[in-house]
């Protein structure tokens, strides 16, 4: 496998787009989320998209293939909710290893196919590690500010299980993404570090936070610079932002990262902000025009899409990114 740091020094890499947006196009039924695995499960499973890596792997494989064909260099595994914490809502904690392992294997298979066809453009797989649906920093009970629904140690255990399964499945790197609570992210990074030590193997780590609104802060109140400082104790491949905002609103926070870190800088914004129906209206052309400002300023190394983005968005972004030099990098892993 080519050294991704060397490639990042040569060109801007393209991350894939939204998995959920693509899955919605299939208009799936409850049966699609049960097929062959969870036929007799007592809870409704519709909408638990990570399960599709087990029950409808054909759909997940097709989506990965469409993004690679559009020009993506890196595909994220279908594991955003792949922890025992998130799967507890469905009483499916026992399925977590299988979800992560098989998700990684599907993406690995497609990536290897494309790398074999185009050796000069190797494809990579990033193990997606979502934030979970619990926060270690904020109480969910307004009457008890000191209460926490999850502990740091519980997060570490859950993330460790996910990381081991993703690595068993063959991911090239890990992506701790959509970080709204940096304490959760630090638990994930602690888990990753422990897993690396036990396995005697290290792979690159990407971290991507989310600025939740025009305040310019994460949900737990950190500025972009504070977020960066909080996670810079580990040798990361990249740090960036995704989700919540469209490209134009994300730009000032990427500028902060670019100015203050030696890591690669990543961005995968939404296709604008959701409309009153929860849909995203920005076309590939509109989104590419906004991302062009990142490229003109030379502030990013990895670019992709989050909510509302499709292979058409990624193609427009990839076609544009080809025309630009990456932000200069001098680090090694």
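The values are calculated or read from the model by the stated rules, or taken from the named source; none is laboratory data. In this text, all values refer to a predicted model and were calculated from it rather than measured experimentally. Positions of Cβ are backbone-derived with ideal geometry, glycine not excepted, and every protein chain shown enters the neighbour counts.
Before we move on, is residue 119 part of a loop (DSSP other than H, G, I, E, B) and surrounded by fewer than 20 Cβ atoms within 10 Å (Cβ to Cβ)? Let's see the steps before the verdict.
Numbers: part of a loop (DSSP other than H, G, I, E, B): yes; surrounded by fewer than 20 Cβ atoms within 10 Å (Cβ to Cβ): yes.
Yes, satisfied.
Filter the range 259-281 down to residues that are buried (at least 21 other Cβ atoms within 10 Å of the Cβ) and closer than 22 Å to residue 296 by Cα, then give me how many there are. Walk me through it before giving the result.
Filtering the range 259-281 for residues buried (at least 21 other Cβ atoms within 10 Å of the Cβ) gives 263-272, 280.
If we keep only those that are closer than 22 Å to residue 296 by Cα too, we end up with 263-272.
Count: 10.
Taking the range 193-211 as the region of interest, how many residues are closer than 20 Å to residue 8 by Cβ and surrounded by 18 or more Cβ atoms within 10 Å (Cβ to Cβ)? Selection size over the range 193-211: 7.
Being surrounded by fewer than 20 Cβ atoms within 10 Å (Cβ to Cβ), on the phi > 0 side of the Ramachandran plot and without any contact (Cβ under 8 Å) to a residue 24 or more places away in the chain is a property that residue 47 has.
Scanning the range 291-309 for residues that are in a loop (DSSP other than H, G, I, E, B) and farther than 20 Å from residue 210 by Cβ yields a count of 1.
Applying the criterion of at least 1 residues that are touching a strand residue (DSSP E or B) at 6+ places or on another chain (Cβ under 8 Å) to the helices (runs of 4 or more DSSP H) found wholly in the range 1-97 leaves 4-10, 19-24, 57-70.
Checked against (1) surrounded by fewer than 19 Cβ atoms within 10 Å (Cβ to Cβ); (2) farther than 25 Å from residue 161 by Cβ; (3) modelled with pLDDT of 95 or more, residue 8 passes all but condition (1).
Has the range 217-230 got any residue that is in contact with a strand residue (DSSP E or B) (Cβ under 7 Å, 6 or more places away or on another chain), surrounded by 15 or more Cβ atoms within 10 Å (Cβ to Cβ), closer than 22 Å to residue 79 by Cα and at pLDDT 95 or above? Among the residues of the range 217-230, not one is in contact with a strand residue (DSSP E or B) (Cβ under 7 Å, 6 or more places away or on another chain), surrounded by 15 or more Cβ atoms within 10 Å (Cβ to Cβ), closer than 22 Å to residue 79 by Cα and at pLDDT 95 or above, which makes the answer no.
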